[in-house]
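Note sheet for the following structure.
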Amino acid sequence: MSPRTGRPHKEITKSVNLGLRLTKETAAKLQRCADTLGVSRTQVIEKGIDLVEQDMKK
């Protein structure tokens, strides 16, 4: 039997779809961050949210 293929199952599923409008400049910054870090734009946004939340707790 061949091994399973496709995306691995994650314990946390992402079920919320969020659309947002950005300026071209902000979209370019987001893409540069993602490219530099080697992650998705979604992961950059999530990291930014985590940083803001940490800052709010100070």
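Bear in mind these aren't lab numbers, they're just calculated from the coordinates by the rules spelled out. Nothing here was measured: the structure is a model prediction, and the numbers come from that model. Please note: Cβ atoms are built from the backbone with ideal geometry, for glycine as well, and neighbour counts cover all protein chains shown.
Using the per-residue mean of other Cβ atoms lying within 10 Å as a proxy for protection, in what order, highest first, do the peptides 46-52, 21-27 fall? Working shown, then result.
On the way: 46-52: 11.0, 21-27: 9.0.
Result, highest mean first: 46-52, 21-27.
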Could you tell me what fraction of 2.2 N^0.38 Å the Cα radius of gyration of the chain comes to, as a two-decimal ratio? 1.52
Could you work out the helix-only [θ] at 222 nm for the chain, with each DSSP H run of four or more residues adding -39,500 (n - 2.57) and the total divided by the number of residues, to the nearest 500 deg cm²/dmol? -17000 deg cm²/dmol
Using alpha-carbon coordinates, inclination of helix 41-56 to the longest axis of the chain, degrees: 50 degrees
